[in-house]
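Enquirer: This is the structure I want to talk about, given as structure tokens.
The values are calculated or read from the model by the stated rules, or taken from the named source; none is laboratory data. Remember, predicted model here, so these are calculated numbers, not experimental data. Methodologically, a virtual Cβ is constructed for each residue, glycine included, from the backbone with ideal geometry; neighbour enumeration extends over all protein chains shown.
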Amino acid sequence: MSSTTNTSTHHTSTIGAIGAPSRRNTELALLVFAVAIPVFAYANVGLAINNEVPSGLLSYGLGLGLLAGVAHLVVRKFAPYADPLLLPLATLLNGLGLVVIWRLDQSKLLQSLPNYFQAAPRQLLYTALGIALFVVVLLFLKDHRVLQRYTYISMFCALVLLILPLVPGLGANIYGAKIWINIPGLGSLQPGEFAKIVLAVFFAGYLMVKRDALALASRRFMGLYLPRGRDLGPILVVWALSILILIFETDLGTSLLFFGMFVIMLYVATERTSWIVFGLLMSAAGAVGVASFEPHIQTRVQAWLNPLREYKLSREVTHDGIVHSDQLQQALWAFGSGGTLGTGLGQGHSDLIRFAANSDFILATFGEELGLAGIMAILLIYGLIVERGVRTALAARDPFGKLLAVGLSGAFALQVFVVAGGVMGLIPLTGMTMPFLAYGGSSVLANWALIGILIRISDTARRPAPAPVTNPDAEMTQVVRP
Amino acid sequence: MSELTLTVMRLGFLAVLWLFVIVAVQVIRSDLFGTRVTRRGTRREGARSQQGGRAAARQASPPQQRGQQGGGRQRRNAPTKLVVTEGTLTGTTVALQGQTITLGRAHDSTIVLDDDYASSRHARIYPDQSGRWIVEDLGSTNGTYLDRSRLTTPTPIPLGTPIRIGKTVIELRK
């Protein structure tokens with residue numbers, strides 16, 4: 001017997017269980033990296049535009065480093081097993097966004113516009129508030145399953161948030177989309193960004209309870225599982241809701257985001273492909289239907305189908321009462337002139353986009369100044385955030401956490417797709433902001449809260465199971481035994 | 001600023017950005033955790049005088065083991081590893097750290113047996129309250145044999161006694 005072992009020791013191996021390491025030091029190292037890259041970019045922009053290292057370099061670097069450091073310490077203390085990548089990735093995107101917003105502040109062309117203001121300091125303030133919100137989420141949300149109790153309250157809150165911009169006196173119609181509310185003394189706020197998170201909580205709580213009814217009670221027809229009529233109710237309600245948003249707030253992006261998020265979560269909860277087919281058909285039907293009579297959407301579709309014609313019209317005096325914009329064509333030119341490796345930070349002409357160059361169209365500046373190589377890296381970083389979110393969902397032990405993580409990362413992915421697709425001319429342009437990169441307080445705040453919730457779920461998911469309790473009696477017996 | 005500097009910075013920035021992405025992907029790769037399998041090198045190679053080598057190893061290991069377990073709670077002659085001595089998994093060792101070891105064809109077993117004569121949940125080996133290791137047959141079809149006798153009740157395993165499951169033989173060693 002033993003001779004068998006000894007002759008075969010050349011492939012001896014030992015199997016032992018290892019738990020998930022906490023990986024906080026990896027996060028710290030990546031975070032240092034993620035702060036260093038925007039500082040490098042900042043110096044690069046300064047050198048390219050003003051021929052000197054910008055005077056605020058040190059304070060900017062220290063400020064971003066301090067914010068990231070606080071976030072890291074809070075994660076280390078309150079979510080020690082959280083995913084090590086989410087925080088550095090978000091920090092990097094936020095830092096790069098700040099640099100490019102500052103770079104657009106320096107543009108002479110944008111400075112000559114009537115509604116010009118220094119956006120970078122405000123964005124830095126929003127970033128600080130966003131990280132503060134992130135810290136608050138981690139401090140007060142000790143366990144994400146608490147949110148499950150507020151399923152229907154969340155639904156109510158989300159509806160209120162969505163309806164707020166339509167309330168007379170509170171809502172503000174800015175550039176054709178009624179998605180802002182004015183808070184006196186504080187500025188304007190986009191409640192839709194926060195509704196995204198609250199709605200994900202509602203969907204997760206609702207689907208967790210109803211998933212079996214939705215998944216199992218169905219008839220098979222032509223390879224598709226057709227759900228029962230009464231189970232179709234919720235999806236119809238959400239569909240109607242997103243169509244109403246589209247009509248009354250003329251906000252294509254948000255309605256697409258909500259409906260898409262619901263379909264993704266429905267699919268994940270029930271594993272039925274038929275929901276995806278239904279979802280795509282219904283959203284297509286809804287979008288086409290609304291676009292046929294809503295002039296604001298029609299303009300967007302026209303600009304998407306024929307950006308050059310729109311560019312030409314924007315140079316002429318037209319009498320059709322529609323504001324023609326050359327933004328999309330300018331953005332496409334910016335992407336084109338960037339080429340593979342880009343013109344270099346601070347050396348592009350994406351300021352020709354003029355209005356919203358630093359918010360909705362910020363991706364065009366990245367495309368021009370960093371080129372295809374840079375935009376691919378940026379999109380990959382977004383992809384990694386989504387991947388970590390989905391990985392968190394896979395690792396989560398409770399169905400509510402799974403659904404919530406999938407919903408939040410799905411919403412994040414959809415938002416990136418809708419904005420990037422719009423700016424690059426793949427789909428009609430919608431008034432949404434690129435998460436973390438674009439200028440906008442609501443967006444930065446809401447996305448930091450989203451990352452906070454994902455980190456909380458991933459902490460719970462990756463926390464090793466408690467060690468089996470050693471029975472104190474057993475040791476006592478052992479001592480007594482002769 | 002000279003054209004050259006700006007070009008170098010532009011390409012350098014792209015390189016740094018991609019380096020970050022690659023490092024992040026590496027972190028994801030190293031983040032996949034599961035069972036750690038340590039390949040042992042070719043110890044005692046050629047030296048067929050294994051008895052001497054074994055004796056030396058035995059002398060060297062117990063103090064070290066006791067140091068690891070801490071406080072001398074481990075009884076003398078307590079086994080520290082489970083070794084597969086026959087079958088397709090020959091040479092595999094599992095460290096005994098107070099955990100229950102399951103054997104069978106089920107994928108979540110500690111030792112997954114690829115053997116037609118094994119049941120999916122065949123047997124388990126676990127420490128009782130006094131720290132002795134017990135083998136228990138989990139109602140398998142073909143039975144678990146502890147040194148030629150078929151198990152009917154959970155039985156303590158003496159050191160070095162072969163436990164046979166189908167074509168696989170395991171034993172506990174120090």
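Enquirer: Taking A:ALA90 as the residue in question, decide whether it is within 14 Å of another protein chain (Cβ to nearest Cβ), surrounded by 24 or more Cβ atoms within 10 Å (Cβ to Cβ) and not in a helix (DSSP H, G or I). Let's see the steps before the verdict.
Expert: Numbers: within 14 Å of another protein chain (Cβ to nearest Cβ): yes; surrounded by 24 or more Cβ atoms within 10 Å (Cβ to Cβ): yes; not in a helix (DSSP H, G or I): no.
The answer is no for A:ALA90.
Enquirer: Are any residues in region A:26-60 away from every other protein chain (no Cβ under 11 Å) and at pLDDT below 90, and if so, which ones?
Expert: Correct list: A:PRO54, A:SER55, A:GLY56, A:LEU57, A:LEU58, A:SER59, A:TYR60.
Enquirer: Among A:PHE355, A:PHE412, which is over 13 Å from the mean Cα position of the chain (by Cα) and on the phi < 0 side of the Ramachandran plot? Don't jump to the end; show me each part of the working.
Expert: Working: A:PHE412 fails: over 13 Å from the mean Cα position of the chain (by Cα).
That would be A:PHE355, the only listed residue that is over 13 Å from the mean Cα position of the chain (by Cα) and on the phi < 0 side of the Ramachandran plot.
Quick grid of which residues meet (1) touching a residue at least 40 places away in the same chain (Cβ under 8 Å); (2) touching an Asp or Glu at 6+ places or on another chain (Cβ under 9 Å); (3) in a helix (DSSP H, G or I); (4) at negative phi:
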| site | (1), (2), (3), (4) |
| --- | --- |
| A:ARG103 | yes, yes, yes, yes |
| A:PRO114 | no, no, no, yes |
| A:ARG122 | yes, no, yes, yes |
| A:ILE131 | yes, no, yes, yes |
| A:VAL135 | yes, no, yes, yes |
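Enquirer: Sticking with this one: State all residues of region A:344-372 that are within 14 Å of chain B (Cβ to nearest Cβ) and either outside any helix (DSSP H, G or I) or surrounded by fewer than 18 Cβ atoms within 10 Å (Cβ to Cβ) (or both); if no residue qualifies, say none.
Expert: If the condition is that a residue be within 14 Å of chain B (Cβ to nearest Cβ) and either outside any helix (DSSP H, G or I) or surrounded by fewer than 18 Cβ atoms within 10 Å (Cβ to Cβ) (or both), then A:GLY344, A:LEU345, A:GLY346, A:GLN347, A:GLY348, A:LEU372 are the ones that fit.
Enquirer: What about A:ILE101, is it touching a helix residue (DSSP H, G or I) at 6+ places or on another chain (Cβ under 6 Å) and not small (Gly, Ala, Ser)? Lay out the reasoning, then the answer.
Expert: On the way: touching a helix residue (DSSP H, G or I) at 6+ places or on another chain (Cβ under 6 Å): yes; not small (Gly, Ala, Ser): yes.
Yes; evaluated as a whole, the condition is true for this residue.
Enquirer: Something else now. For region A:345-373, which residues satisfy the criterion of being out of contact with any Lys or Arg (no Cβ under 6 Å at 6 or more places or on another chain) and among the small types (Gly, Ala, Ser)?
Expert: Here is the first cut: in region A:345-373, the residues out of contact with any Lys or Arg (no Cβ under 6 Å at 6 or more places or on another chain) are A:345, A:347-373.
The answer is A:GLY348, A:SER350, A:ALA356, A:ALA357, A:SER359, A:ALA364, A:GLY367, A:GLY371, A:ALA373.
Enquirer: Could you please let me know if A:LEU57 is of a type in the set (A, V, I, L, M, F, W, C) and under 30 Å from A:SER350 (Cβ atoms)?
Expert: On the way: of a type in the set (A, V, I, L, M, F, W, C): yes; under 30 Å from A:SER350 (Cβ atoms): yes.
When the stated conditions are applied, A:LEU57 passes them.
Enquirer: Taking the options B:VAL135, B:VAL94, name whichever one is within 11 Å of chain A (Cβ to nearest Cβ), under 15 Å from B:ARG173 (Cβ atoms) and crowded, with 19+ Cβ neighbours inside 10 Å. Before the answer, list the steps.
Expert: On the way: B:VAL135 fails: within 11 Å of chain A (Cβ to nearest Cβ).
Going through B:VAL135, B:VAL94 in turn, the sole match is B:VAL94.
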